[in-house]
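Okay, so here's the structure we're looking at.
The values are calculated or read from the model by the stated rules, or taken from the named source; none is laboratory data. Not measured: the values here are computed from a predicted model. A quick note on method: Cβ atoms are made from the backbone with ideal geometry, for glycine too, and the neighbour counts reach across all protein chains shown. Protein only, heavy atoms only, side chains kept; ligands, DNA and RNA dropped before computing areas. Shrake-Rupley method; radii C 1.70, N 1.55, O 1.52, S 1.80 Å.
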Amino acid sequence: MSEIEELINRIEELRLNMIKATVGRTYTDPEVIATSQALDDVLDKYQEMLLKKAEQDDRDRVLGVGL
């Protein structure tokens, strides 16, 4: 499984945890905030990976790599 696939799985897991954490709690509850921050961290890593991959794909296209 690729690192991107692992991050997608982790995002889904944290998203479900976020939904569960909000049941019966306010959005300012410490558990909800902690869950939200964990999800944000993984989403940031995912976005960074996608940007790096897009940059590498652009470089490869300019250099004619993989043609």
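Can you tell me which residues in the stretch 12-67 are in contact with an Asp or Glu (Cβ under 9 Å, 6 or more places away or on another chain) and of a type in the set (Phe, Trp, Tyr)?
none
Suppose we filter the stretch 14-24 for residues that are on the phi < 0 side of the Ramachandran plot and open to solvent by less than 90 Å² (accessible area, probe 1.4 Å); how many remain?
7
Is at least one residue of the stretch 29-45 open to solvent by 80 Å² or more (accessible area, probe 1.4 Å) and of a type in the set (Val, Ile, Thr)? Before the answer, list the steps.
First, the residues of the stretch 29-45 that are open to solvent by 80 Å² or more (accessible area, probe 1.4 Å): 30-31, 37, 41, 44-45.
Next, from what is left, pick out any that are of a type in the set (Val, Ile, Thr): none.
No, there is no match, as no residue in the stretch 29-45 is open to solvent by 80 Å² or more (accessible area, probe 1.4 Å) and of a type in the set (Val, Ile, Thr).
Which of the numbered conditions does Val62 fail, given that it passes all the others? Conditions: (1) hydrophobic (A, V, I, L, M, F, W, C); (2) loosely packed, with under 10 Cβ neighbours inside 10 Å; (3) in contact (Cβ under 8 Å) with a residue 40 or more places away in the chain.
Unmet condition: (3).
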